[in-house]
Each structure stands twice: as C-alpha cells, then as structure tokens.
Amino acid sequence: MNLANTLRRIALAEPGRPALYEGDQLRHDYGALAARVACLAGALRSQGLAPGDRVVLFMRNHPAYLELMYGCWWAGLAVVPVNAKLHLREAQWIVEHSQARWAFITTDVGTGLQLPGRCIDVEGPEYAALCTGGQAPLEARGTDDLAWVFYTSGTTGRPKGVMLTHRNLMTMGLTYFVDVDSIAPTDAIVYAAPMSHGAGIYAIPHVMAGARHVVPASGGFDPAELFALGRGIGPLSMFAAPTIVKRLVDHAEAHGLDGAAFKTIVYGGAPMYVEDIKHALRVLGPRFVQIYGQGETPMVATALSRAALMDSAHPRHAERLASVGVAQTPVEVRVADAEGRALPTGEVGEVLVRGDTVMAGYWRDAEATAAAVRDGWLFTGDLGSMDADGFLTLKDRSKDLVISGGSNIYPREVEEVLLLAPGVAEVSVVGAPDPEWGEVVVAFVVPQPGRVVDTGELDAVCLEHIARFKRPKRYVMVEALPKNNYGKVLKTELRQRLKDEALKR
Ligand code: AMP
C-alpha cells in the first residue's frame, strides 16, 4: 500500500477541498494538489528515477515540501528530508551516504549541493515545468518498501539514516487519530517547525483526513505570524518542541493573547518541564497533547492526552504532568534491563518499544541496526520508569546520567527543581569530571531578561525539594543554552566546555 494513495482518495472524492496554503493564501485544492503530485511523479520516473531511489529535500519549509513528499511516494521513491539548518557539508554527507540521485532545494539553503543527477530549485522554472507535464499512475508499493530516510539529529557523532517504510508511516498516521487528536476536514496544520522532522511527518494524518496544510509565509517560526494566521484562517494545529511552546506562551503573555488561534499544540522531542507546561496550560488553555517518540519510531512511543493533562482532580496529576503518558495504541513499551528483560514497576531502566512504527533499520549500517533493534524491540537509549498505571516518566538519556560518589543523579529531576527558583528562564544540568566524586553536578542557568539569579536561592530550592547530594556543586550563569536545530540542548557541548575549563586551570 502506497502512502500517496491517501492523497489520491481524498482528491478523487473531494477535489474542491482546500489543501495547501502559503501564509493565508490558498494555493491548491486537493484536486490540484494531487494533479501536481502525479505530474511530479511522472517527471521523476520519465527522467530515469526508479522505485526505491532516494531524493533529497534540502529546503526551508515551503509548500513544495508537501508536493515533493507525495510526488516521490506516488512515483515509488523514498524521500530524504534534510534539516534546512545543516551546513552544506553535512547535507552533502547525507546526499552521499543515502546515495540519493536527485535533490530539491530552496536557494537560501541548498545552493552548491552536488548530486549525481539533478538538483532543482523549487522556486525556479524547472520545478514549475515538472509540476505540469504528464501524470504518472500511482506506483504500487509493498508495506515494507522504503518511504523516508530520516537522518537522526545527531547530538553526538555522525547522523544515522533511519529507514521508515510505508507501513511505519501509515501506522503513525492512523495512530494520530486514536492517541493524539481528531482531525476535521476544516482543520489546519501549520508547519512552524522543520518539515524535515516531526512537523512534516504530521502532514501524513492531515492528508489522511483531507485537512488544510499551512506553510507560514516566513517559512519558519514567528509567534506573531502564527497568532495572526490562526485568527485569519481558523484555529491551527501544530507540532512544537518545548522551546517553541515556551516562545508562544511568552508572546501570548506579552501581548495579552489567549489560545484561541490554536486548536491543538502537540509537543515533544525534548523534555517539557512541569512548571513550563503548567504555565502554558494557564496561558493558552486546554490545547496541549504530549508525544514521545524518536526517529526510530517516529512520533509513536507514548502520549499524554489532553484529558490527562487537564485532569487536575486526579490524585497523581502532578506525576502525570511530569510523565510522557502511556504507550500509544500500536506499540508495546517496556522499561528493561541491559538484556531487555522487563523491570518491576517504578524501577529505572532503558525504554524499549515494539510495534509497527519501529524502523526497518539504519540505512547501510547493519551493525548499528543490530544494536538498536533486538527481537523486534527498539532500544531507545532513553532511561525511564513506568508506574502501575502504565505512565512512563523519562529520566534522561543514559549518556546524560550523572554518577556522583556512586549515586545516580538524573539531571532532569534537578532541572525541574531549579526552574522553581525566581528569575530562572532555562536551565541545563550536566556532570563534570571530579577527582573526588567521579562526577559532580553543574547547572547552567539562563536568567530571565533583566533578572539576576541568586545562587543562594537556587541552593535553597534544591534543599527544599531534593536530596542534598543532588544539589549542583556549581552554577554557571549563561545568556543562552547551546541547542541543535530541533531545539534540543547540546549537553555534549556543555560538558566539553567544563572539560576545556578544567584543562585551563
Ligand atoms: P529524534 O530522534 O531527533 O526525534 O530524538 C528523539 C529523542 O528526543 C528521544 O529519544 C528522547 O530522548 C527525546 N524526546 C522525544 N520526545 C520527548 C518527550 N516528550 N520528552 C522528553 N524527551 C523526548
């Protein structure tokens, strides 16, 4: 079953339904979108690309993104979306590693990319011609055929190419309706986060539902633009990393806005701190759903529903807010020891996921695949514990754990507490090598604009909430935290900074 069939069926039944917007301007209805997609497929096939070939998309968020995803699938090809913020050299590495034949770019991002086949600017005449030639019939695909090679965001080392099949993405799309949200045809998803990642993946359920797709005119995240768009074309749904949620909330507060411009904000991809989600719910209302997943099981491991987030009368509401929710419908989630054996309730171990969203493996890396997927279980590298009700709470990735004087300290727990101190905007906790303790806890703290944070108060809040040994031995005030292009804090950089400083001393 080809994923592009989900577009074809809506286009046949409801050709006049609005499909694709650039800002508040409707560009194509479903009939026109499917026609362009079939023409693109026709051009790709007639110019020598064969089913299974890879096509790189190295472009900022753009209406052509949706056309190309579905155009490639229609033709039986696999897409390789590359984060638009990567350096040209990093993107070139992905082109070579994925053995892609063609690429589509926007010139602000992809100029200079070298391909064995063609490299086409989606804003140029060549692209326009590809969208209006002869149409290809929908290529038959098996459910295990490759649809998307997702290069991991790689907070350390070389990215790996996660192979996602039509089955993986079909299952992910259908799961949205059960575990995340309903979608009406009049709903609109806005792509305010990179379409090469979760935001673009969520195009799939919105095509399934025949809903509207909105690419902001800015091509990126601008809170004022999003609030205006939501007022203009109706409440928006979106996927957002916690940093983006924070900026939306700050904007709403600064301008006295409520959440009416949004239907649903699905957050995930990095830890959302309890204080931050409480604040977001207060300012924007009951519009949030949390998902936890990773490229290797895209968007699907657990979800914390809107209802669970709002159920403040529940005796374990506080714990649930700190959790990532319960296993999504098509997967089993377990917390296990190093051999993959399930651990008792409440114990911390590695999070494992099994089900139809789990990747087919890493592209051209059998060794990494064998290490990541064993007996069908994906070893996520995340540490967590499961409560008796099936709610999973993530601790940290195993490499971020701090071991001080033989005791395990989960940075996330310390971060949650430090955020309670007055004047703290953001915080990140890492371990620094220490001759006496092995490692000691160091907190990097970003004060709120115009505020000075008193380290005595940070200590006091720690002593009030957590064991004494977890309290940071040192605080480093910084203006901003280093983050990757998806908004994840680069703890490796923070650790390196501490090591460099130690060497200088
Ligand atoms: P990526 O493959 O780039 O999507 O990164 C996936 C990783 O992000 C996961 O393995 C987690 O470490 C982290 N992550 C994803 N969702 C959440 C979440 N809801 N809360 C905390 N961390 C998350």
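Things to note:
- Within the range 428-455, the set of residues being in contact (Cβ under 8 Å) with a residue 40 or more places away in the chain and of a type outside the set (Phe, Trp, Tyr) comprises SER428, VAL429, VAL430, GLY431, ALA432, PRO433, VAL442.
- Among the residues of the range 480-493, just one is in a helix (DSSP H, G or I) and more than 16 Å from the ligand (Cβ to nearest atom), namely GLU493.
- Among the residues making up the range 246-273, those that are in contact with a Leu (Cβ under 8 Å, 6 or more places away or on another chain), crowded, with 16+ Cβ neighbours inside 10 Å and not in a strand (DSSP E or B) are LEU248, VAL249, HIS251, ALA252, GLY259, ALA261, PRO271, TYR273.
- Filtered by the rule that a residue be closer than 23 Å to TRP437 by Cα and in contact with a helix residue (DSSP H, G or I) (Cβ under 8 Å, 6 or more places away or on another chain), the range 477-505 gives a lone residue, LYS491.
- Residues located in the range 380-394, provided they are farther than 14 Å from VAL331 by Cβ and either more than 10 Å from the ligand (Cβ to nearest atom) or not in a strand (DSSP E or B) (or both): SER385, ASP387, ALA388, ASP389, PHE391
- Among the residues making up the range 449-479, those that are assigned to a loop (DSSP other than H, G, I, E, B), touching a strand residue (DSSP E or B) at 6+ places or on another chain (Cβ under 6 Å) and within 21 Å of PRO422 (Cβ to Cβ) are VAL453, PRO472, VAL478.
- Members of the range 231-245 found to be more than 19 Å from the chain's Cα centre (by Cα) and either aromatic (Phe, Trp, Tyr) or in a helix (DSSP H, G or I) (or both), listed by number: ARG231, GLY232, ILE233
- Residue in the range 445-462 that is within 16 Å of the ligand (Cβ to nearest atom) and outside the structural domain of TYR267 (by TED's automatic domain parsing) present: no
The values are calculated or read from the model by the stated rules, or taken from the named source; none is laboratory data. Bear in mind the structure is a predicted one, so any value in this text is a computation, not a measurement. Here Cβ is always computed from backbone atoms with ideal geometry, including for glycine, and neighbour counts include all displayed protein chains.
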